[in-house]
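Student: Sharing a structure below in structure tokens format, with a few things to ask.
What follows is calculated from the coordinates using simple rules that are stated; it is not laboratory data. Not measured: the values here are computed from a predicted model. Here the Cβ positions follow ideal geometry from the backbone for every residue, glycine too, while neighbour counts run over all protein chains shown.
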Amino acid sequence: ARGCATRPMRAPPASSWPPWRSQLLLLLLIFPLSSAFFGISSEESHTDDDGRVHLHVGGVFPMEAGAGGWPGGQACLPAVEMALEHINNKTDVLPGYKLHLNQSNSKCQPGLAIQELYKFVYEGPNKLMLLAGCSPVTTVIAETAPEWNLVVISYGASSPALSDRARFPRLFRTHPSANMQNPTRVDLFEMFKWKRISILQSVEEVFTTTAKDLEELCKKKGIRAERQSFYGDPTDAVRTLARQDARIIVGLFYVTEARRVLCQAFKQGLYGRKYVWFFIGWYADTWYEPQPDEHLSCTREEMRKAAEFHFTTESIMLSKDVEPGVSGITGRQFEDMLRKKLNNTDVANLGGWPEAPLAYDALWALALAFNCTRSHLKAPLKLEDFTYTNLGMAQLLFDCVKNTSFKGVSGNVKFSDSGDRIAKTQIEQLQGGRYVVVGRYDNSFHKFTWTEDEIRWPQNKGPPPDSTIIRESLLTVSNGLYFVVCLLAFFGVVLSVACFIFNTKYGYRGVIVQSQPQCNNILLAGSALCSASLFLMGLPAEGIHLSDAEFTMLCHSRISILMIGFTFAYGSMFAKVWIVHRIGASE
Ligand code: ABU
């Protein structure tokens with residue numbers, strides 16, 4: 001067993017003790033014991049037939065997506081194998097050494113990846129560095145590997161959380177952070193005058209951190225961002241979006257979940273002219289087609305319909321430079337070679353195809369760092385003498401990766417202080433079932449460059465509004481109708497006045513006296529007021545404009561007049577009925 005296995009572990013605070021940490025502790029305790037018991041020990045790096053010394057590196061590759069993940073190993077592993085071949089064939093890179101890759105399938109599952117990490121550490125020769133892909137896996141590996149002073153280079157992890165140097169002290173990545181796309185998204189929102197957006201995310205650290213950054217950027221620009229999250233089944237989250245009248249929706253999730261979201265979007269009508277979806281750009285070209293093993297309740301046609309016109313944003317991962325880089329090939333040549341290596345299979349639908357140049361460059365960064373370390377090592381120390389407790393050599397390896405700068409097939413490879421890669425963003429839109437690059441965005445200058453392929457909108461109606469538009473408009477009755485009603489109201493008032501005069505004039509007559517003239521007069525006053533309220537009811541009629549204050553006064557007066565009139569008329573009628581009842585009862 002390695003001496004480092006008995007190194008004291010730093011215990012994290014109990015409140016932040018994730019489940020994989022318990023597995024890690026258990027493995028830390030069991031593995032050294034089992035190694036000693038079963039005689040498992042690390043072999044020394046051995047020498048090749050041609051006298052070259054083997055340098056071992058470990059690499060975890062997600063070869064399948066599982067329930068929700070990124071199957072990037074499908075294209076990234078062949079790319080790394082190609083880089084290995086190119087590096088080993090170059091006489092000026094690591095002369096006297098041959099790189100050897102020890103690889104395993106992490107299935108994008110952190111628990112499995114930790115198990116593989118232990119195998120790397122405790123089985124076979126020492127690994128000088130590790131390669132990792134997929135954010136959840138890179139997170140656990142980069143948090144754990146410093147226990148053995150191992151530097152990790154990630155070719156496929158976009159989580160913004162990985163930019164934390166305190167938490168991941170020995171991590172570098174050739175894959176740009178997912179935060180890189182947020183300024184592009186926000187500038188697009190501004191361009192289309194969208195002031196309200198919604199974020200739909202799966203509950204994974206990679207997406208939560210991206211969503212938080214997007215929210216903050218939106219807030220700075222005065223854009224309201226609302227967030228909905230889901231774990232596994234997005235049905236309720238999509239329903240909430242529909243209820244909230246969400247129109248501009250940014251989706252942050254892995255591809256399996258993306259298909260579930262799209263199916264729900266179709267079922268709940270969140271597609272078409274009124275809606276704009278922004279998805280992640282590294283899904284395969286036909287990701288939205290239902291997969292037989294996923295049992296989606298949407299047909300291929302429905303999925304295609306829901307997916308049409310959506311946007312994707314993703315970092316540009318393939319260099320367009322015609323000058324070859326450090327490996328002697330250009331980005332285009334790399335793509336042709338990889339396509340040939342993959343037997344010209346349907347590469348656009350292969351997991352990790354867009355990220356393959358990053359994987360190729362990750363191995364080059366690693367090899368160049370070994371080269372640099374080799375030249376800085378003091379004799380008699382050699383690269384093959386690396387042990388997991390050799391802090392000096394570990395620091396040298398770290399510094400060499402940190403100072404890496406070369407032209408790769410993905411562009412210039414250089415790491416920021418937090419180990420991140422800087423890259424431009426590409427904006428694509430699905431038009432007629434085909435992704436079209438509509439523009440590029442330079443994060444350094446916050447500038448768009450549009451291609452000749454224009455953005456298209458359903459029914460050519462332009463960008464939709466970000467919510468239901470509430471427009472105030474004055475509803476009036478026509479003047480003809482108003483004047484007719486006024487005439488009738490006038491007759492009503494005249495009739496009431498005439499009846500009052502008649503009542504007063506013939507008030508001495510028995511028939512009038514017995515008919516309760518006081519009640520009759522109140523009834524007439526009420527009828528006249530009800531009729532008079534009709535003059536105000538139709539206002540403002542066509543062509544008559546009232547100020548806000550006048551309009552408020554009008555609303556109050558017409559209701560008050562009608563209420564008083566109605567009370568007078570009905571009240572007096574009931575009073576009269578009551579009096580007649582009392583007279584009848586007393587007789
Ligand atoms: N471009 C693939 C990123 C995968 C991940 O961050 O998990």
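Student: Charges at C-beta only: +1 for Lys and Arg, -1 for Asp and Glu. How large is the resulting dipole of the range 247-368 about its Cα centre, in Debye rounded to 20?
Tutor: Dipole size: approximately 480 debye.
Student: If you wrap the range 66-222's Cα atoms in a convex hull and average its projection over all directions, what's the area in nm²?
Tutor: Projected area, direction-averaged: 11.7 nm².
Student: Here is a follow-up. Please list 3J(HN,Hα) in residue order for the range 130-145, calculated via the Karplus relation 6.51 cos²θ - 1.76 cosθ + 1.60 where θ = phi - 60°; whole Hz, with x for glycine and proline.
Tutor: 10, 10, 9, x, 6, 4, x, 6, 4, 4, 6, 5, 6, 7, 8, 4
Student: Now for a different question. Spelling out what I want: for every residue of the range 211-221, take phi, set θ = phi - 60°, compute 6.51 cos²θ - 1.76 cosθ + 1.60 (Karplus), and round to whole Hz; glycine and proline get x.
Tutor: So the Karplus estimates, Gly and Pro as x, are 5, 4, 4, 5, 4, 5, 4, 4, 4, 4, 9 Hz.
Student: Using label points projected 7 Å from each Cα along Cα→Cβ, tell me how many nm separate Ser515 and Ala379, to one decimal.
Tutor: Here the modelled spin labels are 13.4 nm apart.
Student: How many angstrom separate the Cα center of the range 373-410 from the Cα center of the range 176-239?
Tutor: 39
Student: Here's another thing I want to ask about it. For Phe406, list long-range residues whose amide hydrogen, built 1.01 Å from N in the peptide plane, is under 5 Å from its own amide hydrogen.
Tutor: Residues meeting the amide H criterion: Val413.
Student: Once the cut-off is 18 Å, how many percent of the Cα-Cα pairs in the range 359-465 end up in the long-distance tail?
Tutor: 65
Student: Please work out how much length the chain gains when fully extended from Ser547 to Thr387, using 0.36 nm per residue of separation minus the C-alpha to C-alpha distance, in nm with one decimal.
Tutor: 49.1 nm
Student: Moving on to the next point. Rounded, prolate or oblate: pick one for the range 84-149, where a ≥ b ≥ c are the square roots of the eigenvalues of its C-alpha gyration tensor, a/c under 1.5 means rounded, and failing that, prolate if a/b is larger than b/c, else oblate.
Tutor: In terms of gyration-tensor shape, prolate.
Student: Additional query: Sorted from largest down, what three extents in whole angstroms do the Cα atoms of the chain have along their principal axes?
Tutor: Rounded to whole Å, the extents work out to 139, 57, 43 Å.
Student: When only Cα pairs under 8 Å and 6 or more residues apart are kept, what is the percent relative contact order across the chain?
Tutor: Contact order relative to length: 13 percent.
Student: Okay, moving on. Among DSSP beta bridges lying fully in the chain, give the percent that are antiparallel, nearest 5.
Tutor: Counting only bridges with both partners in the chain, antiparallel ones make up about 35 percent.
Student: Moving to a separate point now. At 0.36 nm per residue, and after removing the present C-alpha to C-alpha distance, how many nm does the segment from Ala166 to Thr449 gain when stretched out fully?
Tutor: 98.2 nm
Student: May I pose another question? Before rounding to the nearest 500, sum -39500 (n - 2.57) across all DSSP H runs of length at least 4 in the chain and divide by the residue total; then give [θ] at 222 nm in deg cm²/dmol.
Tutor: Calculated at 222 nm, the ellipticity per residue is -14500 deg cm²/dmol.
Student: Still on this model: Take each of the peptides 150-159, 443-452, average the number of other beta-carbon atoms within 10 Å over its residues, and list them starting from the highest.
Tutor: Result, highest mean first: 150-159, 443-452.
Student: When the label point is put 7 Å from the Cα of Thr240 along its Cα-to-beta-carbon vector, which residues of the range 181-199 have a backbone N closer than 14 Å?
Tutor: In the range 181-199, the label zone of Thr240 (backbone N under 14 Å from the point 7 Å along Cα→Cβ) covers 198-199.
Student: Would you be so kind as to identify which of Thr174, Leu131, Ile141 lies farthest towards the positive end of the dipole of the range 129-259, taking Lys and Arg as +1 and Asp and Glu as -1 on Cβ and the Cα centre as origin?
Tutor: Going by the charge dipole, the pick is Thr174.
Student: While we're here: Treating only the Cα positions of the range 519-573 as identical point scatterers, give the base-10 log of I(q)/I(0) from the Debye formula at each q in 0.24, 0.27 Å⁻¹.
Tutor: One equal scatterer on each Cα of the range 519-573 leads to -0.82, -0.94.
Student: Could you tell me the ratio Rg/Rh of the range 252-393? Both radii from Cα atoms, Rh via Kirkwood.
Tutor: 1.17
Student: Something else about it: Would you work out the charge dipole size for the range 337-400 about its Cα centre, treating the Cβ of every Lys and Arg as +1 and the Cβ of every Asp and Glu as -1, and quote it to the nearest 20 debye?
Tutor: The dipole of the range 337-400 has a size of about 220 debye.
Student: Still on this structure: Take the alpha-carbon positions of the range 130-177, form their convex hull, and give its projected area averaged over all directions (one quarter of the hull surface) in nm².
Tutor: Mean projected area of the Cα convex hull: 2.6 nm².
Student: Another question about this same structure. Given points 7 Å out from each Cα along the Cα-Cβ axis, report the Val436 to Arg582 separation in nanometres with one decimal.
Tutor: 8.6
Student: Students often get this wrong: which residues of the range 514-537 have the backbone nitrogen under 15 Å from the point 7 angstrom along Cα-to-C-beta of Ala498?
Tutor: From the range 514-537, the list is 528.
Student: Still on this structure, I have one more. Mind putting a number on the dipole of the range 432-587 about its Cα centre? Charges go on the C-beta only, +1 for Lys and Arg and -1 for Asp and Glu, and I need it in Debye to the nearest 20.
Tutor: My answer is approximately 620 debye.
Student: For Thr345, Thr468, Thr476, what ranking results if the residue with the fewest other Cβ atoms within 10 Å of its Cβ goes first?
Tutor: The fewest-first ordering by Cβ neighbours comes to Thr468, Thr345, Thr476.
Student: Residues with beta-carbon under 10 Å from that of Asp245, excluding Asp245: net charge, scoring Lys, Arg +1 and Asp, Glu -1?
Tutor: Net local charge, Asp245 excluded: +3.
Student: Moving on. Extending each Cα 7 Å along its Cβ direction at Glu289 and Asp233, get the distance between those two points in nm, one decimal.
Tutor: Reported label-point gap for Glu289 and Asp233 is 2.8 nm.
Student: Right, something else. Given a Förster distance of 25 angstrom, what is the FRET efficiency for Thr91 paired with Val322, based on the Cβ-Cβ distance and rounded to 0.05?
Tutor: 0.50
Student: Then there is this: Would you mind classifying the range 229-313 by shape? Square roots of the alpha carbon gyration tensor eigenvalues, ordered a ≥ b ≥ c; an a/c under 1.5 is rounded, otherwise it is prolate if a/b is larger than b/c and oblate if not.
Tutor: Rounded, because the longest to shortest axis ratio a/c is under 1.5.
Student: What is the gain in length, in nm to one decimal, between Tyr570 and Glu123 on full extension, counting 0.36 nm per residue of separation less the C-alpha to C-alpha distance?
Tutor: 151.1 nm
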